[in-house]
Amino acid sequence: MNNAKRTVPEANSYTDTQPFWDGTKEGKLMLQRCNQTNRLQWPPRPLSIYTGKRDLSWVQVSGDATLYSWTVTRSAWPGHEGRVPYVCAYVELAEGVRILCNLVHCDPEQLKIGMELRLTWDELDEGAPYPAFTPVAGEATKA
């Protein structure tokens, strides 16, 4: 199912995302934190969505999450036929922020809003890990 490779997104010239990519290489999910409010934000931005200031830092999050919403994609664009079907989901991290990601190693028919998920890693291009989530053992998992 995961034979096709996805390309690494190009860097955004307005936002320094290097700490995110460095974290992925170490198996860490890094998000921006507003230093004035201590709140997390995703996706990365040049300014805090809470204060409008550039006072941001990068912090590692736990990787624990719950399923907020999802869709199953069954059609592929050219060159990515080997990746379908796949699950694209909004997950709510234990830290309270929601991120868009793929769910892997799961049976889409068994997914439930609120189910517990754990961080795992998928690959874009070879050697480019990207965060994904999988149900905790016993909840809609498959090999």
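We did not get these values from a lab; they are worked out from the coordinates using the rules stated. Computed from a predicted model, the values in this text were never measured in an experiment. Because the Cβ atoms are built from the backbone with ideal geometry, glycine has one as well, and the counts that use them run over all protein chains shown.
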Row for the range 12-60, column shape: gyration tensor on C-alpha, a ≥ b ≥ c, rounded if a/c < 1.5 i.e. under 1.5, prolate if a/b over b/c, else oblate; value oblate
Note to self, the chain gives a 222 nm [θ] from helices alone (DSSP H runs n ≥ 4, -39500 (n - 2.57) apiece, / all residues, nearest 500) of -1500 deg cm²/dmol
The exposure ranking of MET30, MET115, fewest beta-carbon neighbours within 10 Å first, is MET115, MET30
Relative contact order in percent for the chain (Cα pairs under 8 Å, 6+ apart) equals 23
Toy charge model, Lys and Arg Cβ at +1, Asp and Glu Cβ at -1: the range 63-143 dipole around Cα centroid in debye, rounded to 20, equals 240
The Kirkwood hydrodynamic radius of the chain, taken as the inverse of the mean 1/r over all distinct Cα pairs, in Å, comes to 16.1
For the range 41-143, listing trypsin sites (Lys or Arg not before Pro) in a DSSP loop whose Cβ sees at most 12 other Cβ atoms within 10 Å gives LYS53, ARG54, ARG74, LYS112, LYS142
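Rounded, prolate or oblate: which fits the range 63-143, taking a ≥ b ≥ c as square roots of the Cα gyration tensor eigenvalues, rounded meaning a/c under 1.5, else prolate when a/b beats b/c? Working shown, then result.
Working: a/c = 1.72, a/b = 1.37, b/c = 1.26.
Here the range 63-143 falls in the prolate category.
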